[in-house]
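Read through the structure below, which is laid out as structure tokens, and then see the notes.
The values are calculated or read from the model by the stated rules, or taken from the named source; none is laboratory data. Just so we're clear, the structure is a prediction, and the values are computed from it rather than from any experiment. Here the Cβ positions follow ideal geometry from the backbone for every residue, glycine too, while neighbour counts run over all protein chains shown.
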């Protein structure tokens, strides 16, 4: 059964890239990233409830919450850096 899950995971990972390229064609990349992130956020919380993990949220140690929060901030900062780099006004300033 694990092989089926592994193949499905690989298939969806490949589709992610292809579908994102198709979807971003005539869309601002920052808006596209925000839309995809909202959908991933919803899906992640659905999975928390589907597998029954919601009861463990209160038992997450404070230290783990801090590091998870910092990880999220680092991800956001990474996206911010990419957005600023691709912004038309910063491209003009570099020329």
- Message: When you check residue 83 against the structure, is it under 28 Å from residue 29 (Cα atoms), at pLDDT below 95 and in contact with a helix residue (DSSP H, G or I) (Cβ under 6 Å, 6 or more places away or on another chain), yes or no?
- Response: yes
- Of the residues in region 10-25, how many are at pLDDT 80 or above and exposed (fewer than 10 other Cβ atoms within 10 Å of the Cβ)? 4
- Message: With the structure loaded, tell me whether residue 29 is surrounded by 10 or more Cβ atoms within 10 Å (Cβ to Cβ), touching a residue at least 24 places away in the same chain (Cβ under 8 Å) and more than 12 Å from the chain's Cα centre (by Cα) or whether it fails that test.
- Response: yes
